[in-house]
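As structure tokens, the structure follows; a few thoughts come after it.
Only the coordinates and a few stated rules stand behind these numbers; no lab work does. This structure is a prediction, so every number in the text was calculated from the model and none was measured. Reconstructed Cβ throughout: ideal geometry from the backbone, glycine too, with neighbour counts over all protein chains shown.
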Amino acid sequence: MDQKRNSSGVMASTVVAAGTHALIPIFWLFSSLFVVPRYHAQVAELGIEDLPDRVDFLFAASQFMATRSFLFMFLLALFLAADGAVHYGLSRLSNAAAARLWSLGIVIAQITLSLFLYLPLRSAVESMAS
């Protein structure tokens, strides 16, 4: 049977894609709740004030997410629902290659955003060590 018409196969691939797309945001939540506050405390203890803007943003986002993690989880659920709908629609209406490209684009965007935010934190921590 053709993959376009196999509804259970399309649904299974959609669930796997949405689950895969949830991994990096769950890492963001975990690091915002447990890892970033530790570095923020070290920076405050050492009295370092001239940090890159992205590190300051990461510290502020971490504090925001610590107090409003339910909001992040709600937005993540909305994102995954929309992502799943697009993936399912692409799988049903076009071919599986379009759905795979969508999935790859989401993962690349998440990794790019992670690197954009977390690499300055790493360099700030390295500068604290020296």
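Based only on other Cβ atoms within 10 Å, what is the fewest-to-most ordering of Thr14, Thr67, Thr20?
So the ranking, lowest neighbour count to highest, is Thr67, Thr20, Thr14.
Given a Förster distance of 25 angstrom, what is the FRET efficiency for Asn6 paired with Met73, based on the Cβ-Cβ distance and rounded to 0.05?
0.20
Between (i) 28, 17, 12; (ii) 22, 18, 11; (iii) 38, 15, 9, which entry matches semi-axes √(5λ) of the Cα gyration tensor in Å as derived from the coordinates of this structure?
Checked against the structure: label (iii).
Please identify the DSSP H helices in the chain that span no less than 27 Å along the helix axis (Cα) and have a mean Kyte-Doolittle hydropathy of 0.5 or more.
Answer set is 7-30, 69-93, 96-129.
Note down the nm distance, to one decimal, between modelled labels 7 Å out along Cα→Cβ at Asn95 and at Thr112.
Taking the simple label geometry, Asn95 and Thr112 are separated by 2.5 nm.
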